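Novice: Encoded as structure tokens, here's the structure I'll be asking about.
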Amino acid sequence: MDNTVLKTTPAPDPEPELRELTQQFPSTPRGARLARRLAVRRMEDWGYPPASDASCTVALLVAELASNAVRHGRVPGRDFRLRVACEPSTRTIRVEVSDAREDRLPAIPPTLTADDASGRGLLLVDLLATRWGTTPRIPVGKTVWAECGAP
């Protein structure tokens, strides 16, 4: 009789894969609305219901960055690109919006008054995102990105 003891170890859980959405939209207000709606729908596919904090935060980030791309980064005949990536291992959601203008970088106005008609959007991005910034887009343009936590 063989007294060999077999030890089994469970296989390690597979690394969660990166969930990603990348889509181009026309540089119009309608394109910005479609980008927000598609981002919310994809978040729901990834397990974040539309009323969840993560989905609402992503919706606001996409809405602001996409509307800025349409308003301030528009070049006639050029679309803007949305990328939303959810990294389960770091519990981070990254929103990127790329446009064709490299000369108009976003900045939070130094002072805002109740009479100002605009300028609050990036303040919202700054409050909602754990960090945000810009990177050059090759061959032309820029990408404005924001990251937030995913529960």
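Novice: Can you find a residue that is among the small types (Gly, Ala, Ser) and over 15 Å from Trp145 (Cα atoms) anywhere in the range 71-85?
Specialist: Yes, the conditions are met somewhere in the range 71-85.
Novice: Determine which member of the set Arg42, Arg101, Arg94, Arg81 is within 24 Å of Leu124 (Cβ to Cβ) and at pLDDT below 95.
Specialist: Arg101
Novice: Name the single residue, out of those in the range 119-139 being touching a helix residue (DSSP H, G or I) at 6+ places or on another chain (Cβ under 8 Å) and in a helix (DSSP H, G or I), that is surrounded by the fewest Cβ atoms within 10 Å (Cβ to Cβ).
Specialist: The residue in question is Leu124.
Novice: For the range 58-89, what are the residues that are open to solvent by 10 Å² or more (accessible area, probe 1.4 Å), among the β-branched types (Val, Ile, Thr) and assigned to a helix (DSSP H, G or I)?
Specialist: Passing the criteria: only Val70.
Novice: Confirm whether Pro151 is out of contact with any Gly (no Cβ under 9 Å at 6 or more places or on another chain), at pLDDT below 85 and over 17 Å from Ala32 (Cα atoms).
Specialist: Against the criterion (out of contact with any Gly (no Cβ under 9 Å at 6 or more places or on another chain), at pLDDT below 85 and over 17 Å from Ala32 (Cα atoms)), Pro151 qualifies.
Novice: Also, quick follow-up: Residues being open to solvent by less than 60 Å² (accessible area, probe 1.4 Å), in a strand (DSSP E or B) and under 19 Å from Thr57 (Cβ atoms): count how many of those fall in the range 18-37.
Specialist: Adding up the residues that qualify gives 1.
Novice: Spot the failing condition for Pro106; the list is (1) of a type outside the set (D, E, K, R); (2) modelled with pLDDT under 85; (3) open to solvent by 50 Å² or more (accessible area, probe 1.4 Å), and only one is missed.
Specialist: For Pro106, the failing item is (3).
The values are calculated or read from the model by the stated rules, or taken from the named source; none is laboratory data. These numbers were taken from a predicted model, which means no experiment stands behind them. Note that each Cβ is placed from the backbone with ideal geometry, even for glycine, and that neighbours are counted across all protein chains shown. The area values use the complete protein model at the heavy-atom level, side chains included, leaving out ligands, DNA and RNA. Shrake-Rupley method; radii C 1.70, N 1.55, O 1.52, S 1.80 Å.
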